[in-house]
Amino acid sequence: MMTTADGIVEPGGAARPGRVKAFLRLVMIEHSVFALPFAYIAALTAMYERDGSIHWGRLLLVTVAMVGLRTFAMAANRIIDREIDARNPRTAHRELVTGAVSVRHAWTGALIALAVFLGAAALLNPLCLALAPVAVIPMVVYPYGKRFTDFPQAILGLAQAMGPVGGWLAVTGTWSWDAVVLGLAVGIWIGGFDLIYACQDVDSDRGTGVRSVPARFGVPAAVRAARGCHAVTTALFVWYALLTDAGAFFWLGLLIVAGAFVYEHTIVRPTDLSRLNRAFFSVNGFIGIALFVCALLDLLTRGLTV
């Protein structure tokens with residue numbers, strides 16, 4: 001066996017990726033794009049309301065905390081679900097199943113990410129540190145949820161809803177119901193598109209006893225529920241805009257988001273899931289980035305200074 005700059009070469013000549021690269025693939029680090037923009041929106045809005053200036057050090061700590069917590073959550077999810085993943089043809093290639101990442105190394109990465117999250121929370125303010133364990137709990141409960149409830153997406157939504165709340169707390173150190181509204185919007189949005197994503201695993205889930213809305217109620221019901229979730233999400237975004245006296249750019253962002261939701265539910269139908277990955281990855285990534293850009297422009301035009 002030989003080593004290379006990229007990893008380990010097996011006797012047959014096939015290269016195994018380095019442990020760090022494999023771990024980052026395991027936790028799909030690039031998918032932080034789904035949650036980070038909304039934590040930024042909350043943090044920047046709080047900065048605007050507090051003193052009208054962007055505090056770059058605090059924004060960096062928000063980034064570190066969010067990525068650390070999400071990395072821990074994804075690693076824990078993959079570890080807990082590794083036996084389920086091995087029985088599902090779609091997920092049988094995941095790194096813990098194939099052996100590209102060992103359980104020990106996955107736990108090492110997860111605990112490092114958790115320490116990074118807690119360290120960033122401690123540097124932000126005492127309230128963030130005190131509430132940090134509250135943010136961790138649903139991250140660990142979620143993968144077990146599919147074993148005892150037909151609605152694990154609700155647990156996932158609760159976990160994701162904490163991002164904007166945490167972003168606001170990081171800046172002010174005080175509770176904000178405005179941030180809660182934004183958090184609920186994000187949680188219901190992500191829970192809704194996870195309903196769609198779970199539709200591709202219906203046969204496998206029913207065969208292995210994994211519980212979910214599509215497995216229990218069928219694909220058509222799950223798609224309809226996702227549409228309802230995204231309608232509620234849109235309404236909550238509107239409510240947040242009203243609560244924060246948002247300007248024209250933010251409202252433009254909401255129009256873009258509403259259009260993206262319509263497009264998403266046009267290309268994904270109960271009888272046609274062939275474009276599900278486009279809806280899940282491309283459209284939902286676009287939604288987060290588009291609304292963040294519009295929210296930032298709105299705050300800058302209203303007086304937020306760099």
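The values are calculated or read from the model by the stated rules, or taken from the named source; none is laboratory data. Please read all numbers here as calculations on a predicted model, not as lab measurements. Here the Cβ positions follow ideal geometry from the backbone for every residue, glycine too, while neighbour counts run over all protein chains shown.
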Query raised in the report: Just a yes or no: is a residue in the stretch 263-271 assigned to a helix (DSSP H, G or I), without any contact (Cβ under 8 Å) to a residue 24 or more places away in the chain, closer than 17 Å to residue 186 by Cα and out of contact with any Cys (no Cβ under 7 Å at 6 or more places or on another chain)?
Result: no
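Tell me yes or no: at least one residue of the stretch 51-61 is surrounded by fewer than 19 Cβ atoms within 10 Å (Cβ to Cβ) and of a type in the set (Ser, Thr, Tyr). Step through it out loud before you land on a result.
Quick first cut of the stretch 51-61, residues surrounded by fewer than 19 Cβ atoms within 10 Å (Cβ to Cβ) only: 51-60.
Going one step further and asking which of them are of a type in the set (Ser, Thr, Tyr), we end up with 53.
Yes - at least one qualifying residue is present in the stretch 51-61.
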Report summary line: The correct count of residues that are closer than 27 Å to residue 78 by Cβ and either surrounded by fewer than 16 Cβ atoms within 10 Å (Cβ to Cβ) or aliphatic (A, V, I, L, M) (or both) in the stretch 120-140 is 13
Query - Meets criteria (surrounded by 14 or more Cβ atoms within 10 Å (Cβ to Cβ) and in contact (Cβ under 8 Å) with a residue 60 or more places away in the chain) for residue 298 - result: no
Requested in this report: Look at residue 211 and say whether it is touching a helix residue (DSSP H, G or I) at 6+ places or on another chain (Cβ under 9 Å), basic (Lys, Arg), assigned to a helix (DSSP H, G or I) and modelled with pLDDT under 95.
Outcome: no
Report task. Would you check if residue 242 is in a helix (DSSP H, G or I), free of Cβ contacts under 8 Å to residues at least 12 places away in the same chain, within 26 Å of residue 53 (Cα to Cα) and of a type in the set (A, V, I, L, M, F, W, C)? Result -> yes
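Table: residues versus (1) more than 19 Å from residue 34 (Cα to Cα); (2) loosely packed, with under 15 Cβ neighbours inside 10 Å; (3) out of contact with any Phe, Trp or Tyr (no Cβ under 7 Å at 6 or more places or on another chain); (4) free of Cβ contacts under 8 Å to residues at least 24 places away in the same chain.
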site: 85; (1), (2), (3), (4): yes, no, yes, yes
site: 102; (1), (2), (3), (4): yes, yes, yes, yes
site: 155; (1), (2), (3), (4): no, no, no, yes
site: 163; (1), (2), (3), (4): no, no, no, no
site: 176; (1), (2), (3), (4): yes, no, no, no
site: 190; (1), (2), (3), (4): no, no, no, no
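Among the residues of the stretch 197-212, write down those that are within 23 Å of the chain's Cα centre (by Cα) and within 20 Å of residue 275 (Cβ to Cβ). Quick ask: steps written out before the conclusion?
Of the residues in the stretch 197-212, the ones within 23 Å of the chain's Cα centre (by Cα) are 197-202, 205, 210-212.
Those that are within 23 Å of the chain's Cα centre (by Cα) and within 20 Å of residue 275 (Cβ to Cβ): 197, 198, 199, 200, 201, 202.
One line per residue, one yes/no per condition, for (1) among the small types (Gly, Ala, Ser); (2) at pLDDT below 95:
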position: 98; (1), (2): no, yes
position: 104; (1), (2): no, yes
position: 115; (1), (2): yes, no
position: 133; (1), (2): no, yes
position: 145; (1), (2): yes, yes
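Each row is one residue, and each column tells you yes or no for (1) hydroxyl-bearing (Ser, Thr, Tyr); (2) in contact with a His (Cβ under 6 Å, 6 or more places away or on another chain); (3) modelled with pLDDT of 80 or more; (4) not in a strand (DSSP E or B).
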{"position": "8", "(1), (2), (3), (4)": "no, no, no, no"}
{"position": "11", "(1), (2), (3), (4)": "no, no, no, yes"}
{"position": "24", "(1), (2), (3), (4)": "no, no, yes, yes"}
{"position": "30", "(1), (2), (3), (4)": "no, no, no, yes"}
{"position": "33", "(1), (2), (3), (4)": "no, no, no, yes"}
{"position": "37", "(1), (2), (3), (4)": "no, no, yes, yes"}
{"position": "43", "(1), (2), (3), (4)": "no, no, yes, yes"}
{"position": "48", "(1), (2), (3), (4)": "yes, no, yes, yes"}
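Among the residues of the stretch 213-226, write down those that are more than 21 Å from the chain's Cα centre (by Cα) and under 13 Å from residue 149 (Cα atoms). Give the steps one after another, and end with the answer.
Here is the first cut: in the stretch 213-226, the residues more than 21 Å from the chain's Cα centre (by Cα) are 215-221, 224.
Listed by number, the residues that qualify are 215, 216, 217.
In the stretch 67-83, which residues are assigned to a helix (DSSP H, G or I), surrounded by 19 or more Cβ atoms within 10 Å (Cβ to Cβ) and not small (Gly, Ala, Ser)?
Residues of the stretch 67-83 assigned to a helix (DSSP H, G or I): 67-80, 82-83.
Pick out the ones that are also surrounded by 19 or more Cβ atoms within 10 Å (Cβ to Cβ) and you get 67-78.
Across the stretch 67-83, the qualifying residues are 67, 69, 70, 71, 72, 74, 77, 78.
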Query - residue 135 vs. criteria without any contact (Cβ under 8 Å) to a residue 12 or more places away in the chain and within 25 Å of residue 49 (Cα to Cα) - result: no
Report task. Using the structure shown, decide if residue 233 is under 19 Å from residue 163 (Cβ atoms) and among the polar types (S, T, N, Q). Result -> yes
Report summary line: Being farther than 23 Å from residue 31 by Cα, touching a Gly at 6+ places or on another chain (Cβ under 8 Å) and surrounded by fewer than 21 Cβ atoms within 10 Å (Cβ to Cβ) narrows 225, 221, 235 down to just 225
